[in-house]
Amino acid sequence: MRREKPFADPYLAGVGLGLVLLAAYIVVGRGLGASGGFASVAAAATAVVEGPARAAQSPALAPYLTRGIASPLTDWLVLELIGVAIGGFVSAWLAGRSRLVVERGPNLGATSRIAAAVGGGMLMGLGAKLARGCTSGQALTGGALLAAGSWIFIATCFASAYVLAPMARRLWR
Amino acid sequence: MTRMHRALALLAGALAVAALLSDVGSAGAAASPSAPVNPANYISAPDLASRVISQDAALIVIDLRSRQDFDQLHVAGAIHMTLDDLDRQELRRDARIVLYADEARAVKGLRLLQARGYQNVAILRDGVYEWITRVLEPRLATDATATERAEFDRAVTLSQFFGGLPRSDVSRAEVARGYWTGAPSSREGSRELLARQAIAGIRRRGC
Amino acid sequence: MSAPLSETGVLGAAAVLASAPLIGFAFGWCLERGGLGSARKLTGQFYLTDLTVFKVMFSALVTAMLGAFWLDRIGVLDLGLVYLPETFVVPQAIGGLLFGAGFLVGGLCPGTACVAAASGKLDGLAVMAGMLLGIVSFNVSFDWIRPLFESTPLGAVTLTSLAGVSSAIGVLAITAAALVGFALAARIERARA
């Protein structure tokens, strides 16, 4: 077990992240993203369950199944997310930060934390679909390009979290 | 660490201020890539089809997509060019030019030609997707309104000229949506996908 | 204009796909190094005890924004060929509200959940599972959500094009706001110490 190293300076990490985003603009003419990758995986799963032909007829899923069931597996965002996981793993491993744990606030049990995580994830899944993106795709990528909708998303996302924070104290404090 | 932070902040501030100052030097807002297109520079697929049918001698339709896409299916009579070609080619000054590709590239082409002094340039607003769904393969829903029927009738005439395949009595879900039905046009995703699917369908029929 | 490389013919489709996991790796690395793989660190933002989220997000945003602006200005990157997310006013506002609530309750966003899961945090896996469930719920309800989903489209517009000013003004304004925000963050942290 390696000794745990401290986190990097947040501004440095941020500049690094910004340069990665810039590289994405330069190399592939698009930014980063995450929720879209999840949507592709969801579409693939639905296609497996329902059959690709039937799934591709659904207007919600059609954009993700252009090449039938192979599409989500060759989707740029899905491949990117695989990279994200590997990058996160290697960084955590080298810094002695990988361990099996249910991270939670000091006053919350593990089961409650998992339940909250699933619930929070569901809200984010819904919100990201409506907004056509998440903090990576809209806030970061679109925000850096001054996209109007992205900034609307940034404002409402942070406002919502701050307003509701007092009610969620039990989760984190 | 704070000295580094200060340096970064200074760099960011300097770059931002310089950005504004560089505006004063160049054309500024008009040159901004995100300046919206004047609606007068958009043309709809039915209007373009009418122009092609009328055999307007001054009409030049330019496909700015990839060579592969062009070879698969293009607007009747269109020629293929890359943006670089467009920049270098001398076209007749009184030409009525229509460009199409995905929106970003088409707008780039529009700006390019305008900067070179061409007055009469338009973009086929929803590209090949619109051409297929409003001219080649128009569809009429079973629950269509009178306006939709009228538009469909016009489209059938156009479609026959290009050897297309109109279809009536389809379900509402199979009728294409786009800016002309009040729905938003997707930049990527569904519009490109639907165009590809439609092209694949047309090619399967051996047209 | 030589970039975006994928649009100027330098990179083919296979190379574009191959770039995805590489860019993703760097993305995940930076997130983890910055501590964003930890739900407690992330949510500290909303109780003003740990302002890492704001610092990382906005320094990333400003870096990419300034970089993109200047590379376009000097003619290396053609921003007109870079994908600009479309604006749908109401769905994005509502989506943001829902997403913010989910972020608060779940403690991780989609990208950071992957990083968390990759570093062994089971709550990260749970958030990922929840996301899939949420997306499936959306898909299943698509028919009646659709009118909302497609409402109020403005197309691919920027704040500055809507305001009728050049993008440089937006760049300056956002950079200035971020720097002020960073100074404020320092003050808040000093007050807490």
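Are any of the residues in segment C:155-168 in contact (Cβ under 8 Å) with a residue 40 or more places away in the chain, under 30 Å from C:I135 (Cβ atoms) and of a type in the set (A, V, I, L, M)? Yes, the conditions are met somewhere in segment C:155-168.
When only residues in segment A:91-120 that are touching a helix residue (DSSP H, G or I) at 6+ places or on another chain (Cβ under 8 Å), open to solvent by 30 Å² or more (accessible area, probe 1.4 Å) and of a type in the set (V, I, T) count, which is nearest to C:P153 (Cα to Cα)? The residue in question is A:V118.
Does any residue of segment C:73-81 turn out to be farther than 25 Å from A:G14 by Cβ and free of Cβ contacts under 8 Å to residues at least 60 places away in the same chain? Within segment C:73-81, one or more residues are farther than 25 Å from A:G14 by Cβ and free of Cβ contacts under 8 Å to residues at least 60 places away in the same chain.
Of everything in segment B:46-79, what is assigned to a strand (DSSP E or B) and open to solvent by less than 40 Å² (accessible area, probe 1.4 Å)? Give them in sequence order. Spell out the reasoning first.
Of the residues in segment B:46-79, the ones assigned to a strand (DSSP E or B) are B:59-63, B:79.
Residues satisfying the conditions are B:L59, B:I60, B:V61, B:I62, B:D63.
Every condition in (1) small (G, A, S); (2) within 20 Å of C:A118 (Cα to Cα); (3) in the same structural domain as C:D123 (by TED's automatic domain parsing) holds for C:A60 except the one numbered (2). Residue count for segment C:72-95, restricted to those that are within 21 Å of A:L22 (Cβ to Cβ) and either within 7 Å of chain A (Cβ to nearest Cβ) or not in a loop (DSSP other than H, G, I, E, B) (or both): 10. Evaluate segment C:137-147: report whether one residue or more is over 19 Å from the mean Cα position of the chain (by Cα), among the polar types (S, T, N, Q), more than 9 Å from chain B (Cβ to nearest Cβ) and in a helix (DSSP H, G or I). Within segment C:137-147, one or more residues are over 19 Å from the mean Cα position of the chain (by Cα), among the polar types (S, T, N, Q), more than 9 Å from chain B (Cβ to nearest Cβ) and in a helix (DSSP H, G or I). Restricted to segment A:94-110, and to residues there that are without any contact (Cβ under 8 Å) to a residue 40 or more places away in the chain and hydrophobic (A, V, I, L, M, F, W, C), the residue that is farthest from A:R170 (Cα to Cα) is A:L100. Scanning segment A:28-51 for residues that are open to solvent by 30 Å² or more (accessible area, probe 1.4 Å), within 21 Å of the chain's Cα centre (by Cα) and hydrophobic (A, V, I, L, M, F, W, C) yields A:V41, A:A45. Here the condition is being out of contact with any helix residue (DSSP H, G or I) (no Cβ under 9 Å at 6 or more places or on another chain) and farther than 18 Å from B:L48 by Cα; of B:Q72, B:Q160, B:Q89, it holds for B:Q89 alone. Within the bounds of segment A:65-87, is there any residue that is touching a Ser or Thr at 6+ places or on another chain (Cβ under 9 Å), facing another protein chain (nearest Cβ under 7 Å) and of a type in the set (K, R)? No. Is it true that A:L17 is farther than 18 Å from C:S137 by Cα, assigned to a helix (DSSP H, G or I) and open to solvent by less than 10 Å² (accessible area, probe 1.4 Å)? Yes: the conditions hold for A:L17. Here segment C:5-57 is the region considered, the condition is being more than 7 Å from chain A (Cβ to nearest Cβ) and crowded, with 24+ Cβ neighbours inside 10 Å, and the residue that is farthest from C:R192 (Cα to Cα) is C:L36. Of note, A:L123 satisfies the criterion of being open to solvent by 10 Å² or more (accessible area, probe 1.4 Å) and at the interface with chain C (Cβ under 7 Å from one of its Cβ atoms). Looking only at segment A:94-109, residues that are facing another protein chain (nearest Cβ under 8 Å) and not charged (D, E, K, R) come to 6 in all.
The values are calculated or read from the model by the stated rules, or taken from the named source; none is laboratory data. What you see is a predicted model, and the numbers here were worked out from it, not measured in a lab. Ideal geometry is used to build each Cβ from the backbone, glycine not excepted, and the neighbour counts take in all protein chains shown. When the accessible area is computed, the model is the full protein with side chains, heavy atoms only, and any ligands, DNA or RNA have been set aside. Shrake-Rupley method; radii C 1.70, N 1.55, O 1.52, S 1.80 Å.
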